[in-house]
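S.K.: Submitted below is the structure of interest, expressed as structure tokens.
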2 protein chains.
Amino acid sequence: MSDHADTGGRPAGLPEPPYYAVVFTSTRTAQALADGPDGYARTAERLSRLVREVPGFLGEDSAHTPGGLAVTVAYFRDLAGIEQWRDHPAHLVAKRRGRERWYERYAIHIARVEHSHAFFRGAA
Amino acid sequence: MSDHADTGGRPAGLPEPPYYAVVFTSTRTAQALADGPDGYARTAERLSRLVREVPGFLGEDSAHTPGGLAVTVAYFRDLAGIEQWRDHPAHLVAKRRGRERWYERYAIHIARVEHSHAFFRGAA
């Protein structure tokens with residue numbers, strides 16, 4: 001196995017670059033946890049379904065350290081899809097609610113992916 | 001508060017774009033958890049210190065869902081810093097070990113950040 005045996009694979013479900021990544025990092029308020037059935041979790045689940053309908057949406061990766069940072073990376077074919085999602089009515093409502101109640105802080109990075117590769121155990 | 005009251009802030013510690021983001025998503029083997037004091041956690045901690053010495057390193061965000069996906073985003077001023085880190089001897093050793101023992105799978109995306117903004121509660 002060469003040192004670069006991992007560089008041949010494509011990340012699952014993603015095309016050859018270029019494509020786009022939207023990196024969303026956030027920490028939530030105590031209220032986001034306590035907000036009940038119409039609160040953060042339900043909204044996040046609904047948005048996660050809606051974004052899949054946006055043309056050019058390629059997939060997303062998400063991780064959340066309990067009590068700490070959450071990082072979600074959504075992949076899009078092009079900027080047009082990102083702009084359509086940014087302006088989606090349900091997303092606009094959720095973003096306003098998020099700033100009012102759910103997020104202590106967040107940051108968004110919109111980035112053009114120039115290179116990507118993947119490793120899968122057993123495939124190297 | 002306008003709907004775009006969040007768009008004026010810069011993410012903490014980061015300059016105006018363009019800069020670069022390296023997105024690393026991974027799931028670990030059971031062995032990564034059981035590997036003891038010379039294993040995954042110790043190596044990750046050491047690399048996290050070493051990367052701060054790379055010229056152009058701007059910071060990183062990391063989240064890990066217990067038993068699930070980990071997502072780390074490292075920010076760099078330019079591609080030269082990313083290449084220097086890619087070829088760092090301690091990083092090369094760790095990457096080989098990672099493929100041999102610690103990772104079930106991983107993906108790396110190298111992306112040029114074109115736009116970023118941040119929200120901080122109380123600052124909007």
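The values are calculated or read from the model by the stated rules, or taken from the named source; none is laboratory data. Here the structure is a predicted model, which is why all the values come from computation and not from measurement. Note: ideal-geometry Cβ built from the backbone for every residue, glycine included; neighbour counts use all protein chains shown. These accessible areas exclude ligands, DNA and RNA; they are computed on the full protein's heavy atoms, side chains included. Shrake-Rupley method; radii C 1.70, N 1.55, O 1.52, S 1.80 Å.
S.K.: Rounded to the nearest 10 degrees, what's the angle between the helix A:40-50 long axis and the longest principal axis of chain A, both from Cα atoms, 0 to 90?
M.R.: Once rounded, one gets 50 degrees.
S.K.: Once the label point is set 7 Å along the Cα-to-beta-carbon vector, what list of distances in nm do you get between B:PRO17 and its counterparts in the other copies?
M.R.: Nearest to farthest, the other copies are at 1.5 nm.
S.K.: If you take each beta carbon of peptide A:79-90 and count the beta carbons of other chains within 10 angstrom, what is the mean?
M.R.: 0
S.K.: When ligands, DNA and RNA are left out and all protein chains stay put, how many square angstrom of accessible area per residue does the stretch B:1-120 have with a 1.4 Å probe?
M.R.: I get 50 Å² per residue for the stretch B:1-120.
S.K.: Using a Gaussian network for chain B with springs between C-alpha atoms less than 10 Å apart, which of these wobbles most: B:GLY81, B:GLY98, B:GLY68?
M.R.: B:GLY68
S.K.: Normalised by the number of residues in the stretch B:19-113, what is the relative contact order in percent for Cα pairs under 8 Å and 6+ residues apart? Don't jump to the answer; show the numbers that get you there.
M.R.: On the way: 138 pairs, mean separation 49.6, N = 95.
Contact order relative to length: 52 percent.
S.K.: If you split all Cα-Cα distances of the protein assembly as shown into 10 Å bins from zero, what percentages do you get per bin, shortest first?
M.R.: Result returned by the calculation: 7, 30, 37, 20, 6, 0.
S.K.: What is the percent carbon and sulfur in the accessible area of the stretch A:19-113, measuring with a 1.4 Å probe over the protein chains and ignoring ligands?
M.R.: Details: 2410 of 4660 Å².
Here carbon and sulfur together make up 52 percent of the probe-accessible area.
S.K.: Now for a separate question. Peptide B:99-107: average number of partner chain Cβ atoms within 10 Å per residue?
M.R.: 6
S.K.: In Å² (nearest 100), what accessible area is buried between B and A, both sides summed, heavy protein atoms only, 1.4 Å probe?
M.R.: Counting both chains, the buried surface is close to 3800 Å².
S.K.: Put a point 7 Å out from Cα along the line to Cβ at B:ALA30; what are the distances to that point in the other copies, in nm, shortest first?
M.R.: The answer, with the shortest distance listed first, is 3.9 nm.
S.K.: If one computes the Cα centroid of the stretch A:74-88 and of the stretch B:66-91, what distance in Å separates the two points?
M.R.: 26
S.K.: Ok, one more. To the nearest 10 square angstrom, what accessible area does A:ASP38 show with a 1.4 Å probe?
M.R.: Rounded to the nearest 10, that gives 120 Å².
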